[in-house]
Amino acid sequence: MHRVNTAAPFRDSWGRGDPRRKVFSPPNYPDAVPALDPFILRQRLEHARLLLVFSPSSLQTGLAALEEALPHVDLVQVRPKQAREEGSSSALTRDWTRAVLELVARAPDVAPLVMVNDHVDVAALLRDEGCAGVHLGQGDCPVQDARAFLGADPLIGLSTHNNEQVAASWNEPVDYLGFGPIFPSSTKATGPALGPDRAWIAASATTRPLFPIGGIDRSCAAELAQVGRAAVSSAILTAEDPGIAAETLRAMLSPD
């Protein structure tokens with residue numbers, strides 16, 4: 001029987017503190033998030049609840065929203081809209097990811113892990129600056145190739161859209177899964193909405209952290225409390241108060 005991935009409280013196995021706290025920094029960025037230690041990185045992933053897909057209409061607007069949301073977000077997946085529209089630009093993705101890493105490095109104490117979308121080369125290039133890894137879609141670089149290129153330490157996330165893809169991920173060297181769309185979404189169309197029940201079934205069928213994604217906002221996040229995790233984008237980035245939006249979403253995912 002597979003265990004259900006419900007989000008654990010922010011305590012380590014000895015009941016000490018918040019695993020998101022900065023305890024190690026890359027040498028070139030002494031104040032940066034501890035993304036390079038593989039044990040700490042995966043411990044933080046296990047406790048993660050809220051993933052922000054960073055895909056704003058403009059970088060500066062997005063950074064302002066992200067700065068407010070930082071205390072309540074566990075992972076940031078950098079996915080520039082312009083890179084997708086321009087046929088996927090490594091240079092643009094690199095620049096956006098570096099800007100997010102610099103913002104995270106200035107966070108006072110607790111900060112999210114930063115993932116890059118699609119671009120394995122950018123994840124490798126920015127590793128020493130704090131990039132935690134890469135998130136791949138079903139049509140991107142094969143997971144086995146990404147792992148061979150990056151090595152054992154960085155995180156690899158994988159988007160899934162049905163139970164068959166979740167099951168297939170058992171044989172892939174991935175660390176966490178996205179699953180969706182759960183609700184209708186204007187951010188990225190990947191098929192019909194699956195609904196929260198299927199998200200719970202998928203989370204129950206894997207030992208890896210699974211983040212439901214697609215159309216999740218404050219009107220429906222509570223329906224995912226059994227899963228305990230979610231990935232969101234516009235619900236935070238376009239909110240009037242991104243910090244309050246992120247805090248509210250987090251509370252709805254962890255009613256305990």
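Before moving on, here are some points about what is shown:
One line per residue, one yes/no per condition, for (1) in contact with a helix residue (DSSP H, G or I) (Cβ under 7 Å, 6 or more places away or on another chain); (2) at pLDDT 90 or above:
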{"position": "HIS2", "(1), (2)": "yes, no"}
{"position": "GLY17", "(1), (2)": "no, no"}
{"position": "GLY62", "(1), (2)": "yes, yes"}
{"position": "ALA69", "(1), (2)": "yes, yes"}
{"position": "VAL78", "(1), (2)": "yes, yes"}
{"position": "ASP95", "(1), (2)": "no, yes"}
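- Single condition LEU210 does not satisfy, out of (1) touching a helix residue (DSSP H, G or I) at 6+ places or on another chain (Cβ under 7 Å); (2) closer than 26 Å to GLU67 by Cβ; (3) surrounded by 22 or more Cβ atoms within 10 Å (Cβ to Cβ): (2)
- Contacts under 6 angstrom Cβ, first residue in segment 142-154 being within 18 Å of ASN171 (Cβ to Cβ), partner exposed (fewer than 15 other Cβ atoms within 10 Å of the Cβ) and not β-branched (Val, Ile, Thr), 6 or more apart: ARG147/PRO173
- Pairs, first of a type in the set (Phe, Trp, Tyr) in segment 79-93, second at pLDDT 85 or above, C-beta under 8 Å, six or more apart: none
- Residue within segment 182-198 that is more than 26 Å from SER58 (Cα to Cα), part of a helix (DSSP H, G or I), in contact (Cβ under 8 Å) with a residue 12 or more places away in the chain and not acidic (Asp, Glu) present: yes
- Test: residue in segment 230-249 that is in contact with a strand residue (DSSP E or B) (Cβ under 9 Å, 6 or more places away or on another chain), modelled with pLDDT of 95 or more, surrounded by fewer than 22 Cβ atoms within 10 Å (Cβ to Cβ) and over 15 Å from VAL76 (Cα atoms): no
- Of residues in segment 116-174 being surrounded by fewer than 18 Cβ atoms within 10 Å (Cβ to Cβ) and of a type in the set (A, V, I, L, M), the one nearest to GLU102 (Cα to Cα): LEU125
- Residue list for segment 216-240, restricted to those being of a type outside the set (A, V, I, L, M) and in contact with an Asp or Glu (Cβ under 6 Å, 6 or more places away or on another chain): none
- Filter result for GLN43 (under 18 Å from ASP175 (Cβ atoms), at pLDDT 90 or above and in contact with a His (Cβ under 7 Å, 6 or more places away or on another chain)): no
- If the condition is being modelled with pLDDT of 95 or more and on the phi > 0 side of the Ramachandran plot, then segment 105-133 contributes only GLY133.
- Selection from segment 194-204 of residues that are more than 16 Å from the chain's Cα centre (by Cα) and either modelled with pLDDT under 95 or surrounded by 18 or more Cβ atoms within 10 Å (Cβ to Cβ) (or both): LEU194, PRO196, ALA199, TRP200, ALA202
- Residues of segment 46-60 classified as of a type outside the set (Phe, Trp, Tyr) and touching a residue at least 60 places away in the same chain (Cβ under 8 Å), total: 9
The values are calculated or read from the model by the stated rules, or taken from the named source; none is laboratory data. Treat the numbers as computed from the prediction; the structure is a model and nothing was measured. Please note: Cβ atoms are built from the backbone with ideal geometry, for glycine as well, and neighbour counts cover all protein chains shown.
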